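J.: Before anything else, here's the structure in question.
The values are calculated or read from the model by the stated rules, or taken from the named source; none is laboratory data. Source: prediction; values computed, not measured. Heads up, the Cβs are rebuilt from the backbone with ideal geometry, glycines too, and the neighbour counts pull from every protein chain shown. SASA here: full protein model, heavy atoms, side chains in, ligands and nucleic acids out. Shrake-Rupley method; radii C 1.70, N 1.55, O 1.52, S 1.80 Å.
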Amino acid sequence: MCRNRKQNRDMTMTAHSEYLSRELARIEDLLHAETDKLQPLVQPLTRHVLAAGGKRLRPLLTILYARALGHGGDDVYPLACSLEFLHSATLLHDDILDGSSLRRGKPTAHVIFSRGETILAGDVLLALANRMVADYGRPRLVSVLSDAVMRTVVGEIEEIMSGGEGDLSLDRYMEIITGKTAYLIQAAGQAGAILAGADEEQVTAAGEFGLNMGIAFQLVDDALDYASPPEVSGKPRGADLREGKLTMPLLLLAETRPDKERRALLERVAERALGEEEIEAVVGDVLEGGYDAKTRDFAAGYAEKARDALGLLPECTERAILEQSLDLVLTREK
């Protein structure tokens, strides 16, 4: 019987993987087809950011919610891909703001191209995504995605401002990561539900799933910055420290220190004043204290909130994949 359960589980995992592979292929085809329609000057930079890979989480979430709620049309794909173009635009701008030279182990766009070209290409992708959504002629979709972009930008501004403060509470940190990461994932779920003609309760639940999944995703990301080996993550441990980012593992470590020492540590990180030996020491202290694991524990709490939000979906393949995705978010290593 145990063998049968394992076989059933393996078969289910294989079926889910095949489902996602088919959808990812459709997503990639449309992303590249839309890129080919852009002005030739913008195409190389857009191809660069798309070639960096990524999980295509946002478009997949749009598709899964639309399908789970009964929408079978191919018109879901432009909407789904608009979310990826929005995300790509924020990455281009974010890497410039952070001064990041690598993303997923590859040079960032502004390192290969100029800063000006990269900023303007991000603007083009924002405009492209907005046009793709507007073509549906459904004001609610435009409103949801525009609101998500505005909230994401505010989150980025809040992160910049918090870096200048030299101190940061956990509550403020949660507000920042919700803004910079979770609202766009929230919009992805809502967009799929709206396209499917879902009622308001289902649209709200789709948003709750995306929001809490997005928070969990960012918390795990911040933990991995300290814990993931360079050969896995494609970047050195402590990249957030080098960029002056005050994230949860660091904040949990800082809370264990006397107030004066805590403030001094956070101020030096925010000012990017730590030397390499100090960065390595802080990373070691975070790992020794288990603050990366504690950050993952916080993420698990948000993942459970996301799981609860799936209650309004019918039992179907898409719901099962959404549940499985939460486990993958929590256990990922890069």
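J.: Rounded to whole Å and sorted largest first, what semi-axes of the equivalent ellipsoid does the C-alpha gyration tensor of region 266-334 yield via the square root of 5 times each eigenvalue?
T.: With the √(5λ) rule applied to region 266-334, the semi-axes are 37, 12, 10 Å.
J.: Leaving out ligands, DNA and RNA, and with a 1.4 Å probe, what % of the accessible surface on the chain is carbon or sulfur?
T.: Numbers: 8310 of 15250 Å².
Whole-percent figure for carbon plus sulfur exposure: 54.
J.: May I pose another question? Among V144, L322, L252, pick out the residue whose Cα is farthest towards the positive end of the charge dipole of the chain, where Lys and Arg carry +1 and Asp and Glu carry -1 on C-beta, about the Cα centre.
T.: The Cα lying farthest towards the positive end belongs to L322.
J.: Sort C316, C81 by accessible area with a 1.4 Å probe, largest first.
T.: Details: C316 40, C81 0 Å².
Final ranking, largest accessible area leading: C316, C81.
J.: From the phi angles alone, apply the Karplus equation (6.51, -1.76, 1.60; θ = phi - 60°) to region 317-324 and give each ³J(HN,Hα) in whole Hz, x where the residue is Gly or Pro.
T.: Result, ordered by residue: 4, 5, 5, 4, 5, 4, 5, 4 Hz.
J.: Kindly write out, for region 13-23 in residue order, the coupling ³J(HN,Hα) from the Karplus curve 6.51 cos²θ - 1.76 cosθ + 1.60 (θ = phi - 60°), rounded to whole Hz, with x marking Gly and Pro.
T.: For region 13-23, the Karplus curve yields 4, 5, 5, 5, 4, 5, 4, 5, 4, 5, 5 Hz.
J.: How much of the pair distance distribution for region 142-195 lies past 15 Å, counting alpha-carbon pairs only, in percent?
T.: On the way: 689 of 1431 pairs.
The proportion of pairs with Cα distances above 15 Å equals 48 percent.
J.: For region 184-236 and region 96-168, what is the separation of their Cα centres, given in Å?
T.: 16 Å
J.: OK, next. Return the whole-Å distance between the Cα centroid of region 272-334 and the Cα centroid of region 240-269.
T.: Taking the Cα centre of each part, region 272-334 and region 240-269 sit 20 Å apart.
J.: Given a 1.4 Å probe and heavy atoms of the protein chains only, how would you sort S88, S146, largest accessible area at the top?
T.: Details: S88 5, S146 45 Å².
Largest accessible area first, the list is S146, S88.
J.: May I pose another question? Using every alpha carbon pair in the chain, what percent of pairs falls into each 20 Å bin from 0 up to the bin containing the largest distance?
T.: Reading the bins upward from 0: 30, 57, 12, 0.
J.: Another question, then. Highest mean first, how do 272-284, 242-254 rank when packing is the count of other Cβ atoms within 10 Å averaged over residues?
T.: Per-residue Cβ counts within 10 Å, averaged per peptide and sorted highest first, yield 242-254, 272-284.
J.: In addition: Using only the alpha carbons of region 162-219, what is the convex hull's orientation-averaged projected area in square nanometres? Display every interim value, and only then the final one.
T.: Values: hull surface 16.8 nm².
Value for region 162-219: 4.2 nm².
J.: Hey, another quick one. Can you tell me the relative contact order of region 134-290? Whole percent, Cα pairs under 8 Å, sequence separation 6 or more.
T.: Details: 173 pairs, mean separation 37.4, N = 157.
Rounded, it is 24 percent for region 134-290.
J.: Charges at C-beta only: +1 for Lys and Arg, -1 for Asp and Glu. How large is the resulting dipole of the chain about its Cα centre, in Debye rounded to 20? Could the numbers behind the result be given before it?
T.: Values: 39 positive and 54 negative charges, 168 e Å.
Dipole magnitude for the chain comes out near 800 debye.
J.: Show that you can apply the helix-only estimate: for the chain, add -39,500 (n - 2.57) for every DSSP H stretch of four or more residues, divide by all residues, and state [θ] at 222 nm to the nearest 500.
T.: On the way: 17 runs with 254 residues, N = 334.
Here the helix-only value at 222 nm equals -25000 deg cm²/dmol.
J.: What relative contact order, as a whole-number percentage, does region 198-334 give when Cα pairs under 8 Å and 6 or more residues apart are counted?
T.: Values: 145 pairs, mean separation 57.3, N = 137.
Across region 198-334, relative contact order equals 42 percent.
J.: Here's a follow-up. Using the Karplus curve 6.51 cos²θ - 1.76 cosθ + 1.60 with θ = phi - 60°, what ³J(HN,Hα) values do you get for each residue of region 35-44, in whole Hz, with x for Gly and Pro?
T.: 4, 5, 7, 6, 4, x, 5, 8, 4, x
J.: Regarding region 1-151, what's the average projected area of the Cα-atom convex hull, expressed in nm²?
T.: Numbers: hull surface 45.0 nm².
Projected area, direction-averaged: 11.3 nm².
J.: For region 133-230, with every protein chain kept in place, what is the accessible area per residue (1.4 Å probe, Å²)?
T.: On a per-residue basis, region 133-230 sits at 36 Å².
J.: Order these peptides, 186-197, 69-80, 33-44, by their mean beta-carbon neighbour count within 10 angstrom, highest first.
T.: On the way: 186-197: 27.2, 69-80: 17.4, 33-44: 13.2.
Highest to lowest by the protection proxy: 186-197, 69-80, 33-44.
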